[in-house]
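**Q** Sharing a structure here in structure tokens format.
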Amino acid sequence: MSDRINLRARLLSLDKDLEGKIVLEYYEDGFVVCEEGLIVEVLSADDYFAKMPSGVSYEDLRPHLLVPGFIDNHVHMPQQDIIAGRSGELLDWLDRHAFPAELRYADHDFARIKAETFINELFSAGTTCAQVFSTVHRHACESLFVAASAKKMCLVAGKVMMDRNAPVDLLQNAADCREDTESLIEEWHGRGRLRYALTPRFAVTSSEEQLSYCSDLLSHHSDLYVQTHISENLEEIDAVRSLFPQQKDYLEVYEQAGLATTKSTFAHGIHLSKDERQRLFLAGSKIAFCPSSNLFLGSGLLDIESIPDANLSIGSDVGGGTGLSMLHTCAEGFKVAHLAGYDWHPFEALWSITKGNADALGLGNSIGQLRPGFFADMVLLDLDQPRALKNRLEHCENLPDELFALMFLGDDRSIARTYVAGEVVFDRMELS
Ligand code: GUN
Ligand code: ZN
């Protein structure tokens with residue numbers, strides 16, 4: 001049996017030209033043809049019918065809108081159940097909510113079940129690729145890779161590394177951390193669509209020794225990703241200053257360990273100095289803009305206009321962020337931009353959660369667009385759901401306004417179906 005699928009829908013996919021201007025690919029009535037997990041053709045219905053022998057069957061998904069699957073470049077798997085944990089700012093929230101949640105992953109069965117749930121929750125939010133923090137436990141990270149690979153999902157993930165300033169059961173000595181990290185890299189990095197990210201949580205919870213071990217690993221595996229946090233909160237920055245008095249600023253702590261690479265994502269970066277931003281841009285590292293989390297934890301407002309496209313990515317940062325929806329993450333991004341006095345265009349926002357995040361992960365030649373040769377990672381959006389969105393759309397006159405309303409008013413009911421490598425991994429239409 002051929003695994004060719006022909007889908008008819010409204011289609012939208014975004015790219016940018018060399019000057020950074022949005023290039024829109026939009027079909028009011030179009031076809032995506034997929035084979036063996038890949039997109040092989042994207043074309044208008046007229047062109048499709050002109051080319052195809054009559055009688056070839058297709059699935060008619062109109063009037064739904066088919067777009068590339070969303071990509072979340074910064075999210076914490078073990079924090080899926082602690083969203084909206086009431087607390088003070090970052091360090092208090094870590095103590096009250098994040099660390100207790102992560103301690104529960106010491107249990108192997110719990111970690112396995114939660115890893116599967118997490119992957120399914122991503123799919124039901126329309127997210128088909130993510131860069132994920134697991135916990136310090138090797139088995140939890142392993143469960144995450146197993147769950148993602150069972151669905152042929154593109155996933156970048158790593159075991160969190162901490163050796164101080166956290167509950168003792170979340171700390172690891174150097175030898176254990178080394179053994180666990182190396183065995184995870186060995187087993188999972190580059191296997192199918194999986195990639196490993198070195199994951200020192202942040203400079204507050206990693207000693208200089210732990211950071212320099214990361215640098216050793218990078219010298220042996222130069223293609224590893226790196227994910228961590230930087231300059232999210234003023235108290236955090238003070239703590240880093242006193243833990244690393246010899247470094248001139250927060251970024252230098254990571255630079256000294258060779259962790260500012262083109263494959264590094266630094267979450268937040270709200271309070272970086274101009275000089276730090278400049279150095280980070282020169283290194284080709286990415287900042288993950290996490291507006292939902294930044295508002296929820298009262299961390300501050302990232303000035304996204306000051307960040308070149310090439311260095312910007314975006315993440316839900318669940319559980320500091322208040323949900324896995326990348327559409328809602330964009331809505332929170334609009335609020336942050338608005339407070340800074342500028343208008344974040346909905347095409348820019350949709351680009352950032354698709355092609356922009358794909359580029360930030362160095363995967364922009366295989367995911368993030370509806371394009372021949374790309375993985376058929378796609379999300380089908382039902383803009384008649386929920387009712388508030390349907391009502392609003394009756395008064396929208398153009399595509400940007402429609403997307404803007406979708407980002408604010410859409411919810412899980414708007415995600416009709418999610419495809420990963422051409423397979424349906426979530427289907428609300430089947431549920432209803
Ligand atoms: N900084 C260090 N750890 C975390 C975390 O889990 N969430 C957020 N938002 N910031 C962090
Ligand atoms: Zn985070």
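The values are calculated or read from the model by the stated rules, or taken from the named source; none is laboratory data. Since this is a predicted model, take the numbers as computed values, not measurements. When we count neighbours, we look across all protein chains shown, and the Cβ atoms used for this are built from the backbone with ideal geometry, even at glycine.
**Q** Just need a number here: residues in region 188-206 that are closer than 21 Å to LEU170 by Cβ and either outside any strand (DSSP E or B) or more than 16 Å from ligand 2 (Cβ to nearest atom) (or both). Before you say what the answer is, go through the steps one by one.
**A** The initial filter retains those residues of region 188-206 that are closer than 21 Å to LEU170 by Cβ, namely 196-206.
From what's left, either outside any strand (DSSP E or B) or more than 16 Å from ligand 2 (Cβ to nearest atom) (or both): 196, 201-206.
Result for region 188-206: 7.
**Q** Also: Of everything in region 15-63, what is modelled with pLDDT of 95 or more, among the small types (Gly, Ala, Ser) and under 27 Å from ASP384 (Cβ atoms)? Give them in sequence order.
**A** Once the filter is applied, which keeps residues that are modelled with pLDDT of 95 or more, among the small types (Gly, Ala, Ser) and under 27 Å from ASP384 (Cβ atoms), region 15-63 yields GLY30, SER44, ALA45.
**Q** If I ask for residues that are more than 14 Å from ligand 1 (Cβ to nearest atom) and of a type in the set (A, V, I, L, M, F, W, C), which ones from region 65-83 would you list? Before you say what the answer is, go through the steps one by one.
**A** Quick first cut of region 65-83, residues more than 14 Å from ligand 1 (Cβ to nearest atom) only: 65-71.
Once the filter is applied, which keeps residues that are more than 14 Å from ligand 1 (Cβ to nearest atom) and of a type in the set (A, V, I, L, M, F, W, C), region 65-83 yields LEU65, LEU66, VAL67, PHE70, ILE71.
**Q** Restricting attention to region 213-235, and to residues there that are part of a helix (DSSP H, G or I) and closer than 12 Å to MET161 by Cβ, which single residue is farthest from ligand 1 (Cβ to nearest atom)?
**A** Step one: of region 213-235, the residues part of a helix (DSSP H, G or I) are 213-220, 234-235.
With the extra rule that they be closer than 12 Å to MET161 by Cβ, the set shrinks to 213-214, 217.
Working: TYR213: 19, CYS214: 16, LEU217: 20 Å.
Among them, the one singled out is LEU217.
**Q** It is to be established whether one or more residues within region 93-106 are under 24 Å from ALA288 (Cα atoms) and part of a strand (DSSP E or B).
**A** Taking every residue of region 93-106 in turn, none turns out to be under 24 Å from ALA288 (Cα atoms) and part of a strand (DSSP E or B).
**Q** Then there is this: I'd like to verify a number: residues in region 118-168 that are within 16 Å of ligand 1 (Cβ to nearest atom) and either over 14 Å from the mean Cα position of the chain (by Cα) or of a type in the set (Asp, Glu) (or both), how many? Explain how you work it out, then say what you get.
**A** Step one: of region 118-168, the residues within 16 Å of ligand 1 (Cβ to nearest atom) are 118, 130-137, 140-141, 144, 157-167.
The next check asks that each one be either over 14 Å from the mean Cα position of the chain (by Cα) or of a type in the set (Asp, Glu) (or both); those that pass are 135-137, 140-141, 144, 159-167.
So the answer is 15.
Residue-wise test of (1) part of a loop (DSSP other than H, G, I, E, B); (2) touching an Asp or Glu at 6+ places or on another chain (Cβ under 7 Å); (3) under 28 Å from SER264 (Cα atoms); (4) acidic (Asp, Glu).
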{"position": "VAL318", "(1), (2), (3), (4)": "yes, no, yes, no"}
{"position": "GLY341", "(1), (2), (3), (4)": "yes, no, no, no"}
{"position": "SER352", "(1), (2), (3), (4)": "no, no, yes, no"}
{"position": "LYS355", "(1), (2), (3), (4)": "no, yes, yes, no"}
{"position": "GLY362", "(1), (2), (3), (4)": "yes, no, yes, no"}
{"position": "LYS390", "(1), (2), (3), (4)": "no, yes, no, no"}
{"position": "ALA405", "(1), (2), (3), (4)": "no, no, no, no"}
{"position": "ALA416", "(1), (2), (3), (4)": "no, yes, no, no"}
{"position": "MET429", "(1), (2), (3), (4)": "no, no, no, no"}
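**Q** If I ask for residues that are within 12 Å of ligand 1 (Cβ to nearest atom), surrounded by fewer than 21 Cβ atoms within 10 Å (Cβ to Cβ) and closer than 21 Å to PHE118 by Cα, which ones from region 84-95 would you list?
**A** GLY85
**Q** For a quick check of your reading: which strands (runs of 3 or more DSSP E) sit entirely within region 14-80 and have at least 1 residues that are under 29 Å from GLU305 (Cβ atoms)? Break it down into steps so the answer makes sense when it comes.
**A** Working: elements: 22-35, 38-44, 59-68, 70-76.
Result: 22-35, 59-68, 70-76.
**Q** Could you check, for region 242-253, whether at least one of its residues is small (Gly, Ala, Ser) and either touching a strand residue (DSSP E or B) at 6+ places or on another chain (Cβ under 8 Å) or under 20 Å from ARG279 (Cβ atoms) (or both)? Lay out the reasoning, then the answer.
**A** So in region 242-253, the residues small (Gly, Ala, Ser) come out as 242.
Now narrow it down to the ones that are either touching a strand residue (DSSP E or B) at 6+ places or on another chain (Cβ under 8 Å) or under 20 Å from ARG279 (Cβ atoms) (or both): none.
No - not one qualifying residue is present in region 242-253.
**Q** Continuing with the same structure: Can you pull out every residue in region 189-216 that is more than 22 Å from ALA130 (Cβ to Cβ) and not hydroxyl-bearing (Ser, Thr, Tyr)?
**A** Once the filter is applied, which keeps residues that are more than 22 Å from ALA130 (Cβ to Cβ) and not hydroxyl-bearing (Ser, Thr, Tyr), region 189-216 yields ALA203, VAL204, GLU208, GLU209, GLN210, LEU211, ASP216.
**Q** Moving on to the next point. For region 312-344, which residues satisfy the criterion of being in contact (Cβ under 8 Å) with a residue 40 or more places away in the chain and more than 16 Å from ligand 1 (Cβ to nearest atom)?
**A** Listed by number, the residues that qualify are LEU312, SER325, MET326, LEU327, HIS328, CYS330, ALA331, PHE334, LYS335, TRP344.
**Q** Still on this structure, please answer the following. Could you check how many residues of region 209-251 are more than 18 Å from LYS286 (Cβ to Cβ) and either within 16 Å of ligand 2 (Cβ to nearest atom) or out of contact with any Lys or Arg (no Cβ under 7 Å at 6 or more places or on another chain) (or both)?
**A** Filtering region 209-251 for residues more than 18 Å from LYS286 (Cβ to Cβ) gives 209-213, 215-217, 219-221, 233-249.
Remaining after also requiring either within 16 Å of ligand 2 (Cβ to nearest atom) or out of contact with any Lys or Arg (no Cβ under 7 Å at 6 or more places or on another chain) (or both): 209-212, 215-217, 219-221, 233-249.
Matching residues across region 209-251 total 27.
**Q** OK, next. Would it be correct to say that VAL67 is β-branched (Val, Ile, Thr), crowded, with 18+ Cβ neighbours inside 10 Å and over 27 Å from ALA203 (Cβ atoms)? Quick ask: steps written out before the conclusion?
**A** Working: β-branched (Val, Ile, Thr): yes; crowded, with 18+ Cβ neighbours inside 10 Å: yes; over 27 Å from ALA203 (Cβ atoms): yes.
Spelling it out, VAL67 is indeed β-branched (Val, Ile, Thr), crowded, with 18+ Cβ neighbours inside 10 Å and over 27 Å from ALA203 (Cβ atoms).
**Q** Tell me, please, whether a residue that is closer than 18 Å to ALA267 by Cβ and among the small types (Gly, Ala, Ser) can be found in region 118-126.
**A** no
**Q** Criterion first (closer than 29 Å to MET378 by Cβ, in contact with a helix residue (DSSP H, G or I) (Cβ under 9 Å, 6 or more places away or on another chain), free of Cβ contacts under 8 Å to residues at least 60 places away in the same chain and not β-branched (Val, Ile, Thr)) does CYS141 satisfy it? First the steps, then the outcome.
**A** Values: closer than 29 Å to MET378 by Cβ: yes; in contact with a helix residue (DSSP H, G or I) (Cβ under 9 Å, 6 or more places away or on another chain): yes; free of Cβ contacts under 8 Å to residues at least 60 places away in the same chain: yes; not β-branched (Val, Ile, Thr): yes.
Answer is yes for this residue.
**Q** Taking only pairs six or more apart or across chains, which ones have beta-carbon atoms under 7 Å, a first residue in region 84-111 that is of a type in the set (S, T, N, Q), and a second residue that is in a helix (DSSP H, G or I)?
**A** Short answer, once both residue conditions are applied: SER87/TRP93; SER87/ARG96; SER87/HIS97.
**Q** Restricting the search to region 264-290, which residues are assigned to a loop (DSSP other than H, G, I, E, B), at negative phi and either within 12 Å of ligand 2 (Cβ to nearest atom) or surrounded by 19 or more Cβ atoms within 10 Å (Cβ to Cβ) (or both)? Full working, then the answer.
**A** Pass one, region 264-290, residues assigned to a loop (DSSP other than H, G, I, E, B): 269-273, 284-285, 290.
After this cut, where a residue has to be at negative phi as well, the list is 270-273, 285, 290.
Matches in region 264-290: ILE270, LEU272, SER285, CYS290.
**Q** Return the pairs, sorted by first residue and then second, in which the second residue is in a loop (DSSP other than H, G, I, E, B) and modelled with pLDDT under 95, the first residue lies in region 236-260 and is over 17 Å from CYS214 (Cα atoms), the beta carbons are less than 9 Å apart, and the residues are 6+ apart or on different chains.
**A** Filtered contacts from region 236-260: no entries.
**Q** Now for a separate question. Could you grab me the full set of residues in region 357-374 that are surrounded by 21 or more Cβ atoms within 10 Å (Cβ to Cβ) and free of Cβ contacts under 8 Å to residues at least 60 places away in the same chain?
**A** Listed by number, the list holds a single entry, ASP359.
**Q** Considering only residues that are within 15 Å of ligand 2 (Cβ to nearest atom) and in a loop (DSSP other than H, G, I, E, B), which ones fall in region 320-339?
**A** Of everything in region 320-339, those that are within 15 Å of ligand 2 (Cβ to nearest atom) and in a loop (DSSP other than H, G, I, E, B) turn out to be GLY320, GLY321, THR322, GLY323, LEU324.
**Q** Considering each of ASP401, ASP411 in turn, give the residue that is more than 16 Å from PRO63 (Cα to Cα), modelled with pLDDT of 95 or more and under 18 Å from the mean Cα position of the chain (by Cα). So that I can check it myself, show each step before the final result.
**A** Details: ASP401 fails: under 18 Å from the mean Cα position of the chain (by Cα).
The match here is ASP411.
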